[in-house]
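For reference, the structure discussed in these notes is given below.
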Amino acid sequence: MIWMTALLATLLVMWIIQLVPVLLYVRRLSEVAPQQPALTKWPKIRIFMPLRGGDQSVCDSIRRALTLDYPSYEIQIVIDGEHDPAWCIVSDFLRTNPVNNVELVRLRKKLPTCSLLNSALVQFVEDLDESVDLIAFCGADMRVPKSFLRDLATAMADPKVGGTLGGRWYAPRRGRLGSLVRYIWNAGAIVPMWAGGIPWGGALTLRPRDIHASGLLDQWRHGMVEDAPVKSALRRLNLSLKFVPSLLIVNEEETNLGNCFRFITRQLLWTRLYHPQWALVLANVALFTSTMFAPFVAAIAFCFAGEPRLALGCLAGGLAYLAGSWALLLTLELGVRGVLHRQGELGLRLSPGMLLALFLVIPLTQLLYTLALVRCLFVKQVDWSGVSYQIHGPWQIELIRREAEAVTA
């Protein structure tokens, strides 16, 4: 009985440890920012939009980016070259929708020491003229709100702020298994990223002068991702990252389980390469995975040992913990919906069937999360959007193969 009491107490403590930051995050999302006076001069913003592959949704993303409520901004779309299917799609779109603030350029030089994304970003920064005050990032899968640039510019008006923090929120309409796993995994990651001040590229704004002064440009020339080194780079300039609740960007894309697993593995690989507290991430996954599955393993063991009461107690404790995790997920979903509602977006469709599916998929997500983490420990080569890279170290990247056409994941 003492053993059972200790197990249940441990489950309760572990749930409370997760509850507190979730409630704090939801509270921050619900805070209404004080009315800021309009800036006397809105900074000029240039948006970096790298594209690869033939997904027709890129036209919707461009169209949405063209309707932002901001007085002075430009968009530069960078594509590998005319051979990429995205080139024809974007060219046709701009031909039928002529605008004067969108520039389509090809990636002139594929650096062999970094990802193609970073090659495009380095080219984008090097091509900036002195009139550009801020740069922002926008991906083909992003549904940015109309106030996107105004919120970024307002946050950056503080000279002590060097960049912005936001987040990505998945809201798949059909709810395929892979999509639900990615949704749950992302929901579990968004709170630690907020608490740790870890930037996500889709909600990031930077000043060109800070990029050059911090040495960030050189890090991009030798790294895989654009956002991971930003926090430490800004610290070198005594600048902070500011959390902006409205910069929660919805993503309605669907995916299958295989692509979802590869996506999570890549995200963990970037964490292993660039996160200064990687050991803490490892410990966190080990702790919460064992917490979720230990009661069920104990229930099976007691069942075989002829202790049905103890087996039922462990099973009940495990199901209660799982129900608590499900409640935390729904708390996050409902908290996020307030932000999405102000953007005119919708969250996940919470039908009875979807609620049951989420409950059942939570343990699968934790299991795949653990397997992805183990796999990323041994990854020496990564395939990303049809391109292969050899990983010799965080800043020792070798582009070893580039496909003629992108394979999106």
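The values are calculated or read from the model by the stated rules, or taken from the named source; none is laboratory data. These numbers were taken from a predicted model, which means no experiment stands behind them. All Cβ positions, glycine included, derive from the backbone under ideal geometry; neighbour counts span all protein chains shown.
In table form, for the structure just shown:
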| read-out | value |
| --- | --- |
| Leading residue by the ranking (nearest to the chain's Cα centre (by Cα)) among those in segment 253-269 that are surrounded by fewer than 20 Cβ atoms within 10 Å (Cβ to Cβ) and over 14 Å from residue 370 (Cα atoms) | 253 |
| Of all residues making up segment 127-157, the number that are acidic (Asp, Glu) and within 19 Å of residue 212 (Cα to Cα) | 4 |
| Looking only at segment 201-216, and only at residues there that are surrounded by 23 or more Cβ atoms within 10 Å (Cβ to Cβ) and outside any helix (DSSP H, G or I), the one that is nearest to the chain's Cα centre (by Cα) | 205 |
| Qualifying residue in segment 349-369 (condition: assigned to a helix (DSSP H, G or I) and basic (Lys, Arg)) | no |
| Failed condition for residue 297, given (1) part of a helix (DSSP H, G or I); (2) touching a residue at least 24 places away in the same chain (Cβ under 8 Å) | (2) |
| One residue from 398, 307 being of a type outside the set (Gly, Ala, Ser) and touching a strand residue (DSSP E or B) at 6+ places or on another chain (Cβ under 9 Å) | 398 |
| Residues (among the polar types (S, T, N, Q), surrounded by 14 or more Cβ atoms within 10 Å (Cβ to Cβ) and more than 20 Å from the chain's Cα centre (by Cα)) located in segment 346-400 | 388 |
| Flag if residue 387 is over 25 Å from residue 180 (Cβ atoms), in contact (Cβ under 8 Å) with a residue 12 or more places away in the chain and touching a helix residue (DSSP H, G or I) at 6+ places or on another chain (Cβ under 7 Å) | yes |
| In segment 321-342, the residues that are surrounded by 15 or more Cβ atoms within 10 Å (Cβ to Cβ) and under 15 Å from residue 363 (Cα atoms) | 321, 322, 324, 325, 326, 328, 329 |
| Residue within segment 130-149 that is surrounded by fewer than 21 Cβ atoms within 10 Å (Cβ to Cβ) and free of Cβ contacts under 8 Å to residues at least 24 places away in the same chain present | yes |
| Test: residue in segment 270-277 that is among the aromatic types (Phe, Trp, Tyr), out of contact with any Lys or Arg (no Cβ under 9 Å at 6 or more places or on another chain), modelled with pLDDT of 95 or more and surrounded by 20 or more Cβ atoms within 10 Å (Cβ to Cβ) | no |
| Of the criteria (1) assigned to a helix (DSSP H, G or I); (2) without any contact (Cβ under 8 Å) to a residue 60 or more places away in the chain, which one residue 228 fails | (1) |
| Members of segment 12-25 found to be hydrophobic (A, V, I, L, M, F, W, C) and either at pLDDT below 90 or surrounded by fewer than 19 Cβ atoms within 10 Å (Cβ to Cβ) (or both), listed by number | 12, 13, 14, 15, 16, 17, 19, 20, 23, 24 |
| Any hit, segment 38-49, residues being under 30 Å from residue 245 (Cα atoms), buried (at least 20 other Cβ atoms within 10 Å of the Cβ), under 24 Å from the mean Cα position of the chain (by Cα) and of a type in the set (Val, Ile, Thr) | yes |
| Flag for residue 67 being in a loop (DSSP other than H, G, I, E, B) and of a type in the set (Ser, Thr, Tyr) | yes |
